[in-house]
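Reading through the structure tokens given below for one structure.
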Amino acid sequence: MDNDKYIALNFFSHKLKVKIIGGGKGAFIKAKTFCTNGCAVEILSKNFSEDILNLKNYNVRYIKGEYYKNFIIDAHIVLIAIDDKKLRESIVGDCENLNKIFIDCTEFKNGMAVIPSQRNLKNLSFSVSTKVGVPKISKLLGDKMENLLKEYDEFTFYVSRLRENAKKEKLKKEIVDFICTEDFKFFYEKGKDRKVFSMFFDECITQNIYDIK
């Protein structure tokens, strides 16, 4: 069995409850990612770094104190960002018993998940991770992917409007297969996509598909 396989899953961030145990640098880096993407975050720690306190303008709640099991009861994702190995093991046990998605910031392979380098364009969202724990490489690749995908961003929105109208057509699959191609993108950029479309589908279908506002 390949234990290094990842499965990607996108969450609606405004619905996500994230609980973080720890208030240092490791907690701050992870907390910033969730906060700036609109998640509800609660941070439990005996002490909080200045950086992590600077996140107070986001949807963050700070709880000063020792870890207690009920803290993670209503969490979707739990981040463990503490040095105490024995306590980490105890929290991992609680997460497993409660079927929580958890991230171990000290040793990523001990957790259930990793946080990828993520980018959000207007119509596209994407992420990249390494399997060997090198976040700076993920960031480097994320920058390169962003530059590439920017040229597809507006085209993606345009195709989504055509696809919505295609749902009403018997030839839906054929239409979607046709418009989701590099060739169609080429003619879209030349302003000739409708003319080319009408060469493959009758005028009635073309009018229905291009009835976009």
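The values are calculated or read from the model by the stated rules, or taken from the named source; none is laboratory data. Being a predicted model, the structure only gives us computed values, none of them experimental. For neighbour counting, all protein chains shown are included, and Cβ atoms are generated from backbone atoms with ideal geometry for every residue, glycine included. All accessible areas refer to the heavy atoms of the entire protein, side chains included, with ligands and DNA or RNA removed. Shrake-Rupley method; radii C 1.70, N 1.55, O 1.52, S 1.80 Å.
I'd like to know if segment 63-75 contains one or more residues that are open to solvent by less than 90 Å² (accessible area, probe 1.4 Å), in contact with a helix residue (DSSP H, G or I) (Cβ under 8 Å, 6 or more places away or on another chain) and under 22 Å from Ser117 (Cα atoms). No - not one qualifying residue is present in segment 63-75. Residues in segment 97-129 that are surrounded by fewer than 15 Cβ atoms within 10 Å (Cβ to Cβ) and hydroxyl-bearing (Ser, Thr, Tyr): Ser125 alone. Contact map, segment 139-155: residues that are in a helix (DSSP H, G or I) paired with residues that are small (Gly, Ala, Ser) and surrounded by 13 or more Cβ atoms within 10 Å (Cβ to Cβ), Cβ distance under 8 Å, separation 6+ or inter-chain. Pairs shown: Lys139/Ser117; Leu141/Ser117; Gly142/Ser117; Gly142/Ser127. One residue stands out in segment 190-210 among those that are exposed (fewer than 14 other Cβ atoms within 10 Å of the Cβ) and not in a helix (DSSP H, G or I): the one that is farthest from the chain's Cα centre (by Cα), namely Asp202. Criterion first (in contact with a strand residue (DSSP E or B) (Cβ under 9 Å, 6 or more places away or on another chain), under 15 Å from Gly111 (Cβ atoms) and among the hydrophobic types (A, V, I, L, M, F, W, C)) does Ile52 satisfy it? In short, no.
Applying the set (1) at pLDDT below 95; (2) open to solvent by less than 60 Å² (accessible area, probe 1.4 Å) to Ile175 leaves exactly one unmet item: (1). For Gly26, the stated conditions hold: it is part of a helix (DSSP H, G or I), at pLDDT below 95, surrounded by 11 or more Cβ atoms within 10 Å (Cβ to Cβ) and not β-branched (Val, Ile, Thr). Can you name the condition, by its number, that Thr36 falls short on among (1) within 19 Å of the chain's Cα centre (by Cα); (2) open to solvent by less than 80 Å² (accessible area, probe 1.4 Å); (3) touching a residue at least 24 places away in the same chain (Cβ under 8 Å)? The failed condition is (3). Restricting attention to segment 146-195, which residues are of a type in the set (Val, Ile, Thr) and at positive phi? Scanning segment 146-195 gives no hits. Residues that are touching a residue at least 24 places away in the same chain (Cβ under 8 Å) and open to solvent by less than 60 Å² (accessible area, probe 1.4 Å) within segment 76-96 comprise Ile77, Val78, Leu79, Ile80, Ala81, Ile82, Ile91, Asp94, listed in sequence order.
Restricting attention to segment 10-23, the residues that are outside any loop (DSSP other than H, G, I, E, B) and at pLDDT 95 or above add up to 6. From the list Asn99, Asn123, the lone residue that is assigned to a loop (DSSP other than H, G, I, E, B), modelled with pLDDT of 95 or more and more than 30 Å from Ile205 (Cα to Cα) is Asn99.
Reported count of residues in segment 41-62, each being assigned to a loop (DSSP other than H, G, I, E, B) and open to solvent by 80 Å² or more (accessible area, probe 1.4 Å), is 4.
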